[in-house]
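As C-alpha cells, the structure follows; a few thoughts come after it.
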2 protein chains.
Amino acid sequence: MSKLRVCCFSLSLDGFGAGPNQTIDNPLGEGGEAMHKWMFPTRNFQRKVMDRGEGTSGPDDDFVARGFDNIGAWILGRNMFGPIRGAWSDDQWKGWWGDNPPYHTDVFVLTHHPREPITMEGGTVFHFVTAGIHAALERARTSAGGKDVRLGGGVATIRQYLEAGLVDEMHLAISPVLLGRGENLFTDIDTASLGFHCTEHIPTKHATHVVLTR
Amino acid sequence: MSKLRVCCFSLSLDGFGAGPNQTIDNPLGEGGEAMHKWMFPTRNFQRKVMDRGEGTSGPDDDFVARGFDNIGAWILGRNMFGPIRGAWSDDQWKGWWGDNPPYHTDVFVLTHHPREPITMEGGTVFHFVTAGIHAALERARTSAGGKDVRLGGGVATIRQYLEAGLVDEMHLAISPVLLGRGENLFTDIDTASLGFHCTEHIPTKHATHVVLTR
C-alpha cells in the first residue's frame, strides 16, 4: 500500500519547522539552517542533493537514505518550491535546486496560480496543482505507481495534510537549537488523536530521530 | 550568583509538559506519566524521591542528581502541590509526597488562597505565597542563602517565570511520546529572544536531555 510519508523533517527544540522571514537568500527562514546541520555532512545528502562523493555514514545518513527509498513522487508546498508569492511573474524560477533537482520523479507543487509543467534534467518534472491537497495526492499516487509519496513540506503543507488525516508516517529530526519564532509544526494539531505513535527513537549526537506512525 | 533553575522537566515530542485532566489519581495528567519513564528507574530518583536503594546509573541518573545539586529552596505551582482548586477546604492535603517529601528545604507554593505553613519531616516546609511570582522568588532566594532556587513546575508556573524573564537555566528531557493535548511549555514564548541557547545536548535511549541557558 502506497504511503504518504514525511521524511527528514527537522524541528527545533521549541517545535518550529522553519524560521521566520524566508527569502531567496534564506530559504529556510532566519535560524532555519541550523536545524539541518545533522543532515548536511551525511553521505546520502552529499551524493543525492549536492552531487558530491564524500560524506559521513551512521544513523543520520541512514535516515537520509530512507527518505529516498521507495519514493515514487513528491508533493511540495509553494513556499518550498520558491520564494515567489502570488502570481508567477515569469517562467524563470525553476526551484532552489539547479538544472538537475534531487527528486528524479514527478513533483506536485501546491499553488493557487496555474503554470505549465517544467521538465528538468534527471527525470524531475514539476507540476503545478491548483485544485488542492486531495487532488495533488491523487495525482502523486497515480504517478508513484504503487510506491510511496513523499511530502516534502513546508510546515503549512504538512499541517494541511495532517489535519486532513492523510499522512501515514513522519520521520522528524529534533535538533538542539531554539528558533523562538517561525512556523510551528504541531500547534493545535492533536497527533495522538490522529492515531500517531512514536515507533522509532534513534538519538544521535546531532539530532533525535523519531518516526511517528499511524 | 543564585540561579533560578528548571531541572528534569519532561516534555513530549509535541511540546507538552503535562497531559490534560489532572486528578488525584493522575497527577501528571492523561498520558503524562509516560514522559517521565526516563527518570523513574534512576538511582537518584529511587533514592531521593522513593527512598529506595536500587537504581540505574548513567546520563539519565546524572541529570536527576544535578537537579538536587546546590538547591537551597524550591518554588512550586499550586497544581504541582496538589489537585485541590480554589480555597483550601481543610488542612488535610500536604502534597503528593507523604510525610517526608524529597525537597528538604523551604518550598514556596504559589496560590491565591492563604494557608499557614506546613512543617514536614526531613526539613521540608511548605509556605503558601499569595503575593505573586516575584514575591515567591524573593522569599525563595532569601531562604536559599546563596544557593540556587529550583522551579519545580508545572507548565503554567514555568511559563509565568519565563515570560517575566526570571528563569536562568532549564534542563528539559524530551521523551519519545506524543500527548496530543495538554499544557504546552513554549507556545507563544520566544525563548531565543529571551536569550536562551542550547548549551548541552545529551541524548540517551530514553530521552534527549537539553540544557537551555541565558
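Of note:
- Selection within the stretch A:9-31 - open to solvent by less than 10 Å² (accessible area, probe 1.4 Å), away from every other protein chain (no Cβ under 12 Å) and outside any strand (DSSP E or B): A:Gly29
- Per-region count, the stretch A:46-63, residues buried (at least 19 other Cβ atoms within 10 Å of the Cβ) and closer than 14 Å to A:His209 by Cβ: 3
- Filter result (aliphatic (A, V, I, L, M) and at the interface with chain B (Cβ under 8 Å from one of its Cβ atoms)) within the stretch A:202-214: A:Val210, A:Leu212
- Selection from the stretch A:39-54 of residues that are hydrophobic (A, V, I, L, M, F, W, C) and out of contact with any Gly (no Cβ under 7 Å at 6 or more places or on another chain): A:Met39, A:Phe40, A:Val49, A:Met50
- Matching entry among B:Met35, B:Met39 (being open to solvent by less than 60 Å² (accessible area, probe 1.4 Å) and in a helix (DSSP H, G or I)): B:Met35
- Candidates B:Val211, B:Val149, B:Val167, B:Val155 - the one that is within 17 Å of the chain's Cα centre (by Cα) and over 30 Å from A:Leu185 (Cα atoms): B:Val149
- Members of the stretch A:173-208 that are assigned to a strand (DSSP E or B) and crowded, with 22+ Cβ neighbours inside 10 Å: A:Ala173, A:Ile174, A:Glu183, A:Asn184, A:Pro203, A:Thr208
- Counting residues in the stretch A:102-114 that are touching an Asp or Glu at 6+ places or on another chain (Cβ under 8 Å) and not charged (D, E, K, R) gives zero.
- Conditions (1) more than 14 Å from chain A (Cβ to nearest Cβ); (2) free of Cβ contacts under 8 Å to residues at least 24 places away in the same chain; (3) out of contact with any Pro (no Cβ under 7 Å at 6 or more places or on another chain); number of the one not met by B:Asp51: (2)
- Contact map, the stretch A:185-201: residues that are more than 7 Å from chain B (Cβ to nearest Cβ) and closer than 26 Å to A:Asp60 by Cα paired with residues that are in a strand (DSSP E or B) and small (Gly, Ala, Ser), Cβ distance under 6 Å, separation 6+ or inter-chain. Pairs shown: A:Leu185/A:Gly17.
- Number of the exception - B:Ala140 against (1) closer than 19 Å to A:Thr187 by Cβ; (2) buried (at least 22 other Cβ atoms within 10 Å of the Cβ); (3) more than 14 Å from chain A (Cβ to nearest Cβ): (1)
- Considering residues of the stretch B:82-126 that are basic (Lys, Arg) and farther than 22 Å from B:Asp51 by Cβ only, the residue surrounded by the fewest Cβ atoms within 10 Å (Cβ to Cβ): B:Arg85
- Among (1) modelled with pLDDT of 95 or more; (2) of a type in the set (Ser, Thr, Tyr); (3) more than 19 Å from the chain's Cα centre (by Cα), the one test that B:Ser143 misses: (3)
- Answer residue from the stretch A:148-172, given it is part of a strand (DSSP E or B) and farther than 21 Å from A:Asp106 by Cα and is farthest from the other protein chains (Cβ to nearest Cβ) among those: A:His171
- Number of positions in the stretch B:62-84 that are over 22 Å from B:Lys3 (Cα atoms) and over 14 Å from the mean Cα position of the chain (by Cα): 2
The values are calculated or read from the model by the stated rules, or taken from the named source; none is laboratory data. Keep in mind it's a predicted model, so treat the numbers as computed, not measured. Cβ: placed from backbone, ideal geometry, glycine included. Neighbour counts: every protein chain shown. Quick note on the areas: whole protein, heavy atoms, side chains included, nothing else; ligands and nucleic acids left out. Shrake-Rupley method; radii C 1.70, N 1.55, O 1.52, S 1.80 Å.
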